[in-house]
1. Working only within region 19-66, note down all residues that are over 13 Å from residue 99 (Cα atoms), of a type in the set (A, V, I, L, M, F, W, C) and part of a strand (DSSP E or B).
2. Please pick out the residue among 63, 30, 40 that is within 29 Å of residue 6 (Cα to Cα), surrounded by fewer than 18 Cβ atoms within 10 Å (Cβ to Cβ) and hydrophobic (A, V, I, L, M, F, W, C).
3. Taking region 76-133 as the search range and keeping residues that are at pLDDT below 70 and among the hydrophobic types (A, V, I, L, M, F, W, C), which one is nearest to residue 28 (Cα to Cα)?
4. Out of everything in region 31-44 that is of a type in the set (A, V, I, L, M, F, W, C) and without any contact (Cβ under 8 Å) to a residue 40 or more places away in the chain, what residue ends up being farthest from residue 89 (Cα to Cα)?
5. For residue 12, are the conditions met, namely being surrounded by 13 or more Cβ atoms within 10 Å (Cβ to Cβ) and over 19 Å from residue 94 (Cα atoms)?
Amino acid sequence: MSIVKNLKAEQLQDIPEFKTGYTVKVHNRIKEGGKERIQIFEGLVIARKGGKGANATFMVRKISNGVGVERIYPLHSPNIAKIEIVKDDLVRQSKLYYVRKLRDNTPRVRKNTTKSKTALSKNKKSTKKAVAK
């Protein structure tokens with residue numbers, strides 16, 4: 001049993017933390033003949049499966065020439081050179097499959113801000129007072 005755990009631990013790579021709703025650039029290694037090149041696939045992460053283990057995968061969707069393209073990547077694949085986070089937005093669902101049906105491919109997202117709840121409630125109270133006057 002420890003041999004299997006050791007093999008899985010060797011396969012794990014250091015990747016940035018990202019969630020569903022983030023826009024990422026995946027740098028994918030492609031071998032053509034004797035040459036190797038890196039192809040960048042930029043899109044919205046619509047699903048993650050398998051947690052953080054060796055079998056984890058994530059699905060990225062982008063619109064290319066008016067056609068939706070989805071790719072499923074193994075999270076710890078040796079063919080992935082690196083993953084860049086372009087934009088981090090908050091979404092309410094863990095799987096964004098409904099984005100496939102949307103016309104303009106924009107889910108309901110919120111900017112990832114770190115304002116406290118007390119600051120937000122104070123702003124709401126001040127706007128209510130201004131409206132009452």
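The values are calculated or read from the model by the stated rules, or taken from the named source; none is laboratory data. Please read these numbers as outputs of a predicted model, since none were measured by experiment. Cβ atoms come from the backbone with ideal geometry, glycine included; neighbour counts cover every protein chain shown.
1. 24, 26, 30, 38, 40, 41, 58
2. Values: 63 fails: within 29 Å of residue 6 (Cα to Cα); 40 fails: within 29 Å of residue 6 (Cα to Cα).
Of 63, 30, 40, the one residue that is within 29 Å of residue 6 (Cα to Cα), surrounded by fewer than 18 Cβ atoms within 10 Å (Cβ to Cβ) and hydrophobic (A, V, I, L, M, F, W, C) is 30.
3. Step one: of region 76-133, the residues at pLDDT below 70 are 103-110, 113-133.
This time we only want the ones that are among the hydrophobic types (A, V, I, L, M, F, W, C), so: 109, 119-120, 130-132.
Details: 109: 27, 119: 42, 120: 41, 130: 53, 131: 54, 132: 57 Å.
Filtering first and then ranking leaves 109.
4. First, pick out the residues of region 31-44 that are of a type in the set (A, V, I, L, M, F, W, C): 38, 40-41, 44.
Right, trim to without any contact (Cβ under 8 Å) to a residue 40 or more places away in the chain and you get 40-41.
On the way: 40: 21, 41: 18 Å.
My answer is 40.
5. Values: surrounded by 13 or more Cβ atoms within 10 Å (Cβ to Cβ): yes; over 19 Å from residue 94 (Cα atoms): yes.
Criteria met by residue 12.
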